[in-house]
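One structure below.
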Amino acid sequence: MIHHNSHPTLQIKGQVSKSLAGKTIVIGVTGSIAAVHVVELARELIRNGADVYAVTTPAAERIIHPDALGYATGNEVITKLTGKIEHVEFCGLNGHADLLLIAPATANTIGKIAQGIDDTPVTTFATTAIGSNIPVVIVPAMHGSMYDHPAVTGNIGKLKEWGLTFIDPRLEEGIAKIAPNDMIVLGVERALGKHDLAGKRIIITSGANAEPIDPIRILTNRSSGKTGVEIAIEAFRRGADVTIVHRNRLGIFGIREVFVETANDMTDAVLSELDMEYDALISAAAISDYTIDAASSKIKSGEGLVLKFKPTRKLIREARDKYPDLAIIGFKAETGVTPDELIKRACDSLSESKLDLVVANEVEISGMGTDGNEVYLVGKDVLKPLHVSGSKHLIASVLLDELHGIFGEK
């Protein structure tokens, strides 16, 4: 069954990233109407470097034709088990598959897997994969009333106890809709990642604050939060338990969010979270340096307005004072300075706030609101700052490499 080919679909392989390069993923497709989404899901996995094969239940074939899945994966689809013992070839103890992804997974299939019932190719693949300790990721899709049935809930809980990963559906219109493809890909990346941050709890601040002037107006800054989000996603890929504190709403699978508005709210929220034994704080937010005493009602337009500013608390200093052993990474944004002066100021922050690493950038050149940036990572060896220029995903990856090293030193 495994063979190399030049199917036109494979021309897209690795065009988005190499995160799944060298990995073989089997998608088990069951009889949910959400099976129509699998064509694009398969292609997204391929775009991230994976080799993808599909196996179907008979019910799935009534919804999506095997030819469509053959087109999507570039490989022959397994619709029945033959003398080739496909389930062993892929998911046996020496099988070719790195992961079995069941998407969409019906209540019926979830129940069968939980009871060890093998009456479709997909359930037989699942039993074989579980017995071989091959990672299994399940993406439910069904009517909401079925998803809420106590037997289904119990089956999902049982499979989670066995170590299977579930990517939760979107609950809309009374339906447990299949998770978006980017969430599924992220779950697969985490399952197959290098896990160098597994067991670590990381809290990340991100984006801008909003300091109220009155009930309508706010003071804020140009920070988009893109860097913080990329760090959170990459940390999750690597196996960390991730919390992000910000004003935005991501809804990203597996990442816990705490929503705050003001700098004071952010500081309080982070310090409260840190009481729950985190390993690292990455303070990527452009936390407001100043705030005001807000008016209780709207300030009338057209009148002269004078605002009296007062400084906000310094989150990283309070965090360091309260948690002396916590790994803390700070960010330093400057304008109109040379690289040497930027690095010097980062060194000053490193020393003054007793940080483990400072990420510094000159925001007039790049950074705020953009998809890329140019930064210097200044650590304990201040004579060797690390210069990184490129996408914010690249910067997040390098930063977390450095954090992994910091964990090794502590």
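The values are calculated or read from the model by the stated rules, or taken from the named source; none is laboratory data. Not measured: the values here are computed from a predicted model. Cβ atoms come from the backbone with ideal geometry, glycine included; neighbour counts cover every protein chain shown.
What number goes with the only condition from (1) acidic (D, E); (2) within 20 Å of I134 (Cα to Cα); (3) touching a residue at least 60 places away in the same chain (Cβ under 8 Å) that D168 does not pass?
(2)
Looking at segment 389-408, can you tell me whether even one residue there is at pLDDT below 90 and under 26 Å from the mean Cα position of the chain (by Cα)?
Yes; the residues of segment 389-408 include at least one that is at pLDDT below 90 and under 26 Å from the mean Cα position of the chain (by Cα).
Name the single residue, out of those in segment 199-244 being among the charged types (D, E, K, R) and under 30 Å from K300 (Cβ atoms), that is surrounded by the most Cβ atoms within 10 Å (Cβ to Cβ).
The initial filter retains those residues of segment 199-244 that are among the charged types (D, E, K, R), namely 200-201, 211, 214, 217, 222, 226, 230, 234, 237-238, 241.
Subsequent filtering for residues that are under 30 Å from K300 (Cβ atoms) retains 211, 214, 217, 222.
Working: E211: 22, D214: 14, R217: 14, R222: 11.
Out of the qualifying residues, it is E211.
Taking segment 259-316 only, how many residues are of a type in the set (A, V, I, L, M) and part of a helix (DSSP H, G or I)? Can you show your working first?
Of segment 259-316, the ones of a type in the set (A, V, I, L, M) are 260, 263, 266, 269-271, 274, 276, 280-282, 284-287, 292, 294-295, 299, 305-307, 315-316.
Restricting the remaining residues to those that are part of a helix (DSSP H, G or I) gives 263, 266, 269-271, 274, 315-316.
Going through segment 259-316 one residue at a time, the tally reaches 8.
Could you run through segment 187-198 and say how many residues are crowded, with 19+ Cβ neighbours inside 10 Å and in a loop (DSSP other than H, G, I, E, B)?
Just the residues of segment 187-198 that are crowded, with 19+ Cβ neighbours inside 10 Å, to begin with: 187-192, 197.
Now narrow it down to the ones that are in a loop (DSSP other than H, G, I, E, B): 197.
The total comes to 1.
If you take just the helices (runs of 4 or more DSSP H) that sit entirely in segment 1-111, which of them hold at least 2 residues that are over 26 Å from the mean Cα position of the chain (by Cα) and buried (at least 16 other Cβ atoms within 10 Å of the Cβ)? Talk me through it step by step, then tell me what you get.
Numbers: elements: 38-47, 58-61, 66-73, 86-91.
Here the list reads 58-61, 66-73, 86-91.
Can we say T9 is among the hydroxyl-bearing types (S, T, Y), within 29 Å of R238 (Cα to Cα) and touching a Gly at 6+ places or on another chain (Cβ under 6 Å)? Break it down stepwise before answering.
On the way: among the hydroxyl-bearing types (S, T, Y): yes; within 29 Å of R238 (Cα to Cα): yes; touching a Gly at 6+ places or on another chain (Cβ under 6 Å): yes.
So T9 fits the description; yes.
Looking only at segment 202-252, count every residue that is among the charged types (D, E, K, R) and either assigned by TED's automatic domain parsing to the domain that holds M183 or in a loop (DSSP other than H, G, I, E, B) (or both) and tell me the total. Spell out the reasoning first.
Residues of segment 202-252 that are among the charged types (D, E, K, R), as a first pass: 211, 214, 217, 222, 226, 230, 234, 237-238, 241, 247, 249.
Next, from what is left, pick out any that are either assigned by TED's automatic domain parsing to the domain that holds M183 or in a loop (DSSP other than H, G, I, E, B) (or both): 214, 217, 222, 238, 247, 249.
The qualifying residues number 6.
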